[in-house]
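Notes follow the structure.
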Amino acid sequence: MTKETLRNLYGYPVLMKAGLGNMLFPWADCFLWCKDHNALMIAPFWAKLRLGPYLRREKDKRSYQRLFRDHNHISGFKRIFLLGTIQVLNFEEFRQKVLKKRTIVRFTNMECMDRLVNRHEEVKQGLVDITRPEFLPQPCREPFIGIHVRLGDYIIPDKTSPRWTSRLPIEWYVAALERVREILGINFKVLVFSDGFDSELLQLLSLPNVSRSPYNESITDIFALSQAKVIIGSCSTFTTWGVYLSGNASVIWYSGRCPANIYDEEKKPIYEVEWDIGEQLPELFIARLKQI
């Protein structure tokens, strides 16, 4: 393809009505594809009609349109015009060939982690560029452990609960933190990131040198979580993005609940582990923790 032909290509991420972590997958996939193909990116629609967060009285009302700006992406009337007049192909249908007319390549799903691995610096810079400056966290000068506790729309587990939409036991987060601190040998600073209420997090927040994230917005918390040296994560794409954007955090997942392959096969056994109370942590993982 010539450069002129490539500029006839547009990428467009179609965002599902879901949490921010899920929505970021088609956005990032499209962002990298546009960069690789010298294509123009059409800004997504972040605004979605959401009643659930209000009915469930969640802390995060998921008004994500407030958090982002278009930043060099096509938006406004031109976006509407292009989407209504140019042929659209799903990413799976697109093949590199000489195109006779302008084409929009649409990205619609989350099955793209293999294309994101080892490109976290590019994705992070792109995400910083579209995030409004007031929602970027301050750099954390002191190393800390980040714990993400997903509650919100996750249900209290019972024998009939779908495994991937049920809450993890608070006792597991406490046990994981105590094990990490035992290895580190000090009461490392801890920040808890959660959509739950203080009363639901009391077992964690009552521990020494543990406090909640000072931020109120999901994108700010994702960036802040990515600054942690160690991440104890929930089964959530929110945790996934904190780990991915960090590039080198050590991460503990609940056994059987690792949501995505964030690291390549070389880093995986050293950087992340699935663990449950009473199990041993792998020696390679422990060795890396001791280097913090």
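Short-range pairs are left out: with C-alpha atoms under 8 Å and at least six residues apart, the relative contact order of the chain is 18 percent.
Estimated at 0.36 nm per residue, the fully extended path between SER63 and GLU274 surpasses their Cα-Cα distance by 72.7 nm. With respect to the chain, whose longest principal axis is taken over its alpha-carbon atoms, helix 76-85 is tilted by about 60°.
Between the helical axis of 20-37 and the longest alpha-carbon principal axis of the chain there is an angle of about 50 degrees. Once both labels are positioned 7 Å from their Cα atoms along Cα-to-Cβ, the gap between MET16 and SER206 label points is 3.8 nm. The list [x] 16.9; [y] 18.8; [z] 22.1 gives values of mean projected area of the Cα convex hull in nm², and only one came from this structure; which label was calculated from it? The calculated read-out lines up with [x]. Simple spin-label estimate for GLU111 and LYS267 gives 2.5 nm between the two label positions (7 Å along the Cα-to-Cβ direction from each Cα). For the chain, DSSP calls about 5 percent of its internal beta bridges antiparallel. How high is the FRET efficiency from GLU182 to ARG119, r the C-beta distance, R0 51 Å, rounded to 0.05? Calculated transfer efficiency: 0.90.
Quick note: the coordinates plus some simple rules give every number you see, no bench work behind them. This is a predicted model, so every value here is computed, not measured. A quick note on method: Cβ atoms are made from the backbone with ideal geometry, for glycine too, and the neighbour counts reach across all protein chains shown.
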